[in-house]
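These notes are about the structure you will find just below.
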Amino acid sequence: MKKMIVCQSCAAEFDAALVRCPYCGTGYAPAEEKEYMGRLEEIRTELEGHKGDGDKSLRKGVGSLSRTVLVIAVICILFLLGGYFFSHLEEQKKSEQAKAEFLRNQGIIMQEDSER
Ligand SMILES: [Zn+2]
């Protein structure tokens, strides 16, 4: 059932949802307030929608940021692995050189021995 109000100007009864008296046009404050609040609510809902957009773009930014961090992390890991691999290779080369030198020295010693 509709709430009815009595107009303060002409004493006519009308729907409380109406902003103005349909008979004399006098503004009815509570209804006007209700309409105003409704508009505020609309604005608030619209703002919340925009806030959602902001969150989305923020999330997108965080996503690209984390992707960048991930790429940097992968590059760091590759560098570390590469450095480890190359240092290992270097060590292997050195040990091979040492071995070759050792063999050469032994050969010289052996040659010296055979010369005697
Ligand atoms: Zn009226």
### Message
Being modelled with pLDDT of 85 or more and more than 16 Å from the ligand (Cβ to nearest atom) narrows it down to one residue among LEU58, LEU103, LEU89; which is it?
### Response
LEU103
## Note on the structure
Selection from segment 1-31 of residues near the ligand (Cβ under 10 Å from one of its atoms), charged (D, E, K, R) and more than 50 Å from the chain's Cα centre (by Cα) yields GLU13
### Task
Go through (1) at pLDDT 85 or above; (2) loosely packed, with under 10 Cβ neighbours inside 10 Å one by one and return the number of the condition LYS3 breaks.
(1)
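The values are calculated or read from the model by the stated rules, or taken from the named source; none is laboratory data. Remember, predicted model here, so these are calculated numbers, not experimental data. No Cβ is skipped: glycine too gets one built from the backbone with ideal geometry, and neighbour counts run over all protein chains shown.
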